[in-house]
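Down below is the structure, laid out as structure tokens.
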Amino acid sequence: MLQRARQVFLGARAFSSSTRSTDVVVLSEEVRSFVRRCMIAVGTRTDHAESLAELLVVADERGHYSHGLNRLGMYVSDVFSKTTRTDTEPKIVKHTPATAFIDGRNALGPVVGKVCIDTAINKAKSVGVGWVACTNSNHYGIAGWYAIRAADQGLIGMSFTNTSPLTVPTRSREAVLGTNPIAVAAPGKDGDHFVLDMATSTVSIGKVEVNLRKGMAIPSGWGVNSKGVETHKPQAVLSDGGLLPVGGTEISGGYKGYGLATMVEMFCGILAGASYGPHVRKWMGDDDKIANLGQCFVAVNPNMFASGFSDRLADLMTILRNLPPADGETDVMVAGDPERQHLEKVKQLGGIPYHPAVIAALDTLADEQQVARIKSQN
Ligand SMILES: NC(=O)c1ccc[n+]([C@@H]2O[C@H](COP(=O)([O-])OP(=O)(O)OC[C@H]3O[C@@H](n4cnc5c(N)ncnc54)[C@H](O)[C@@H]3O)[C@@H](O)[C@H]2O)c1
């Protein structure tokens, strides 16, 4: 189990939002329960297992399969190998009315993240803004979960994390930055949030792996080979190349994604005194090392500025969605719409659709942990 801990065991469908007749539909509550049983089987505290379960189910419901059940094996083996602790709680080290510096004490990422965003939310409600940085954290899943938690309470929420180095800075041949995601969520009207939740690499490493399995070339802008030269061969990226930052190569503005990835690193590893850049443990092969990730969480109360924030945001989103599509295109969307469509599909299906290959991998995990396999609806 530990050997393949960091591998993503996704099927080809894992990143596609289309549903196929062969998909296996699982109730959200069963997904939650499955996460709990697997995590508790390796000694995770029930409340910590619950925090992780909540996050993974939301990732899958939103269609970000790369960060849902797909990653459960990684969390299981991190707890099993004690590279992540479950007998601990995050601790506030320093604070002011608007800021907090938190030591995650190597707890599971979602446990640390929840404490951090709730601290930022409370500060924003009290003084208008809360900025929280934490050290000693772990993989915290989808960055959007934390930002949405603030938006659900009428605030602008932001969340950032550094990650294992996989992204190549513009003009370099070495992957020394993570896929360092950025999430910004804000409340429009009637629960219609703006939710930008994105990696600062063009794609995640999982998408390159999917193309390799399908025997497909990767598009321009995804990755480079060991010489730092753009490649269409997934194997060249995976073996000793790297991902390109958002924007691709220099000619298409990849330096902007590079700048954003560095900014995230500044807010996270640098600000919080955690591991940063090439010092963060590798995605594969460093399984016995502690991650010591840095993360950053911000909440801002829009009522501290011009009144009518949500009305204007809703108006802007309506303008954008109603734009005439370019030739051959479907409807214009705003950030958060693809995930909203996936949530709607989950609702219609009465559960989350998974590729059978994902379920087969989860069955293997369940057997290894000697817990009940995941139950499907079909
Ligand atoms: N914890 C980690 O280590 C880590 C690292 C990287 C990414 N992630 C997570 O992985 C998930 C996937 O990231 P990603 O970059 O692959 O996401 P993505 O490329 O699927 O989407 C990025 C953003 O673009 C928006 N979007 C997509 N299509 C759009 C369109 N046509 N018009 C307008 N907006 C559109 C989405 O709503 C989303 O906000 C995120 O939840 C991210 O937080 C986590």
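Observations on the model:
- Scanning region 239-261 for residues that are surrounded by fewer than 20 Cβ atoms within 10 Å (Cβ to Cβ) and under 15 Å from Glu174 (Cβ atoms) yields a count of 2.
- Only one of the listed residues (Val93, Val58) is touching a helix residue (DSSP H, G or I) at 6+ places or on another chain (Cβ under 8 Å) and modelled with pLDDT of 95 or more. That residue is Val58.
- Gly223 meets the stated requirement of being crowded, with 24+ Cβ neighbours inside 10 Å and not assigned by TED's automatic domain parsing to the domain that holds Val112.
- Qualifying positions in region 122-147 - hydrophobic (A, V, I, L, M, F, W, C) and surrounded by fewer than 24 Cβ atoms within 10 Å (Cβ to Cβ): Val127, Val129, Trp131
- For region 166-181, the candidate set comprises residues that are crowded, with 23+ Cβ neighbours inside 10 Å and not polar (S, T, N, Q); within that set, the residue that is nearest to the ligand (Cβ to nearest atom) is Pro181.
- Annotation note: Cβ proximity below 9 Å between a residue of region 77-104 that is assigned by TED's automatic domain parsing to the domain that holds Ala299 and a residue that is polar (S, T, N, Q) and exposed (fewer than 14 other Cβ atoms within 10 Å of the Cβ) (sequence gap 6+ or interchain) occurs for Pro97/Ser126; Ala98/Ser126.
- Pairs where the first residue, in region 26-43, is at positive phi and the second is buried (at least 18 other Cβ atoms within 10 Å of the Cβ) and β-branched (Val, Ile, Thr), C-beta under 9 Å, 6+ apart: Gly43/Val79; Gly43/Thr86
- Of everything listed in (1) within 16 Å of the ligand (Cβ to nearest atom); (2) part of a helix (DSSP H, G or I); (3) of a type in the set (Ser, Thr, Tyr), the single unmet condition for Ser310 is (1).
- Here Ala186 does not fit the description of being in contact with a helix residue (DSSP H, G or I) (Cβ under 9 Å, 6 or more places away or on another chain), more than 25 Å from Ser66 (Cβ to Cβ) and buried (at least 22 other Cβ atoms within 10 Å of the Cβ).
- Scope region 232-249; condition within 14 Å of Val203 (Cα to Cα) and without any contact (Cβ under 8 Å) to a residue 24 or more places away in the chain; matching residues: His232
- Members of region 146-161 found to be farther than 17 Å from Val129 by Cβ and out of contact with any Phe, Trp or Tyr (no Cβ under 6 Å at 6 or more places or on another chain), listed by number: Ile148, Asp152
- Residues within region 44-68 that are within 14 Å of the ligand (Cβ to nearest atom) and part of a helix (DSSP H, G or I), tallied: 11
- Within region 134-165, the residues that satisfy the criterion of being in a loop (DSSP other than H, G, I, E, B) and either near the ligand (Cβ under 9 Å from one of its atoms) or within 20 Å of Lys207 (Cβ to Cβ) (or both) are His139, Tyr140, Gly141, Ile142, Ala143, Asn162, Thr163, Ser164, Pro165.
- Where a residue in region 313-341 is more than 8 Å from the ligand (Cβ to nearest atom) and its partner, wherever it lies, is at pLDDT below 95 and acidic (Asp, Glu), with Cβ under 9 Å and at least six apart: Ala314/Asp190
- In region 350-376, residue surrounded by the fewest Cβ atoms within 10 Å (Cβ to Cβ) [restricted to those that are in a loop (DSSP other than H, G, I, E, B) and either of a type in the set (Ser, Thr, Tyr) or in contact with a Leu (Cβ under 6 Å, 6 or more places away or on another chain) (or both)]: Ser376
- Some residue of region 109-119 being closer than 20 Å to Ile359 by Cβ, within 14 Å of the ligand (Cβ to nearest atom) and among the small types (Gly, Ala, Ser): no
The values are calculated or read from the model by the stated rules, or taken from the named source; none is laboratory data. Values in this document were obtained by computation on a predicted structure and should not be read as measured data. Positions of Cβ are backbone-derived with ideal geometry, glycine not excepted, and every protein chain shown enters the neighbour counts.
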